[in-house]
Every structure is written in C-alpha cells, then in structure tokens.
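Here the structure is laid out as structure tokens; the discussion comes afterwards.
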Amino acid sequence: MPATATPDAEQQRAVRRRRLQQRQTVIFGGLIAVMLVIGLIAAAMWAGMLPAPFSREFTSASPTEENLVTPCVPEGATPVAFPDVTANVYNGTDRRGLAGATATSLGQLGVVVNQQANWPQGTYSGAVQIVVGPLGVTAGHSVARIFPGAVVTLDGSRTDETIDIVLGATYESMLPAEEIAALDPAAPLVSPDGCTPVASAGGAPA
C-alpha cells in the first residue's frame, strides 16, 4: 500500500507554505513601497519642489548680487533660435512647481532644458535673472526677450553656452504665446543701458 502522510506531516507542510507566503508578501510589499517612494521623489524633483541630487559640471555657482555684471550683446548679434539654447531653470521663490511649469513652457518653444530645481542660493527678490558665461551672452539676451523684467548677468568662469534662468519673487509669467511668435528672429539684439562689453571667450570684461 502507498504511504500516506500523517496529519502532523501535513500540518508542518502547511505551516511552511504559510511562512513562505508571508516572506514573499513582505519582500514584494517592501519592493513596491521603495518604488513608490522613488517615484514620488523623482516627481518632486521634476516639478522643482526638490533640488536635483547633481549639479552641472565645470561651472560655478551664480554670481552674488554684490558683483553682478550685465554683459553687452555682441555687436550685430541676432537672436539665437530657441532649439539652440540649453538652459537650467531654477525656482528662487517658495511657490511650488514654478520651475517645472516654466521648464515645460520653455520646452514647448524648443529650448533644451537641462534641469529644473530650487535655486541653490535660496530666494531671488527680482523677477528673472538669467546667468550666462561669455559664450552664452547672446543666448541669454535672446531668452530674456520672453521674460518681462529679466536681467542678464555674467558668470565669467563658465566655459559653455548653457544659461541659468532664475525665477524670482516678482516673476509672473512669460510673454503670451502670440507675442513670442511675433518676435522678429532677424532683428539685432539691443544691449541694455549700463552693460559691460565682454570678450567672447576668457570671461573678462573687454
């Protein structure tokens, strides 16, 4: 006659199955919880509510207000096409999602948004500050046209054309879409009053 399992053996197997199921439930539940937390953190960074865990390489922090220099537009320069502009968008206010929403609007214009985050220096009291290196002066002034009240400032240590767009306490919005579309892409850019001529490379005022 074939051997039959005793009640004790059946009970032990049932206990082992329950323990295995419990361990699997704990493991899978933990993995799902970790994935949810990572997803929430990523969404907060994308919306600009949390700073990104990395910063752009080979560039320094934005200049302080004490040593701001507004660079002049190179003579005869015309606007840089938006798809040729790479920008970082920073929220210099306590308004949640401001950097993310603005980055989305810029992306719709073709601007390449490298990252959006809270401004590392905290808060900015103005409207919009666009920080550029010597190679990004024309790009910065090109983008400044669509931000009412924007000021372009120079960080002479930068070696690329990437610009930083810092949104401040008095910032309200970009120009309406129809006004942006009406901007003449061939009209020479105009330097602001009191600007400083800057060499195209090297970072020092000309």
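The values are calculated or read from the model by the stated rules, or taken from the named source; none is laboratory data. Since the model is a prediction, treat every value here as computed from it, not as a measurement. Backbone-built Cβ (ideal geometry, glycine too); neighbour counts: all protein chains shown.
At-a-glance table
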| item | result |
| --- | --- |
| Test for V190: is it over 18 Å from the mean Cα position of the chain (by Cα) and either acidic (D, E) or outside any loop (DSSP other than H, G, I, E, B) (or both) | no |
| Considering residues of region 75-95 that are of a type outside the set (S, T, Y), part of a loop (DSSP other than H, G, I, E, B) and out of contact with any helix residue (DSSP H, G or I) (no Cβ under 6 Å at 6 or more places or on another chain) only, the residue nearest to P120 (Cα to Cα) | G92 |
| Any chance E57 is among the charged types (D, E, K, R), part of a loop (DSSP other than H, G, I, E, B), at pLDDT below 80 and over 19 Å from T153 (Cβ atoms) | yes |
| Residue check for S157: surrounded by 18 or more Cβ atoms within 10 Å (Cβ to Cβ), of a type outside the set (D, E, K, R), more than 19 Å from the chain's Cα centre (by Cα) and over 24 Å from D94 (Cβ atoms) | no |
| Selected residue [within 17 Å of the chain's Cα centre (by Cα) and either exposed (fewer than 13 other Cβ atoms within 10 Å of the Cβ) or in contact (Cβ under 8 Å) with a residue 12 or more places away in the chain (or both)] from T123, T170, T138 | T123 |
| Which listed residue, of T153, T138, is in contact with a strand residue (DSSP E or B) (Cβ under 7 Å, 6 or more places away or on another chain), hydroxyl-bearing (S, T, Y) and not in a loop (DSSP other than H, G, I, E, B) | T153 |
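Residue-wise test of (1) touching a His at 6+ places or on another chain (Cβ under 8 Å); (2) among the polar types (S, T, N, Q); (3) surrounded by fewer than 16 Cβ atoms within 10 Å (Cβ to Cβ); (4) at pLDDT below 95.
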site: G76; (1), (2), (3), (4): no, no, yes, yes
site: A81; (1), (2), (3), (4): no, no, yes, no
site: D84; (1), (2), (3), (4): no, no, yes, no
site: V89; (1), (2), (3), (4): no, no, no, no
site: G92; (1), (2), (3), (4): no, no, no, no
site: A99; (1), (2), (3), (4): no, no, no, no
site: T104; (1), (2), (3), (4): no, yes, yes, no
site: Q108; (1), (2), (3), (4): no, yes, yes, no
site: V112; (1), (2), (3), (4): no, no, yes, no
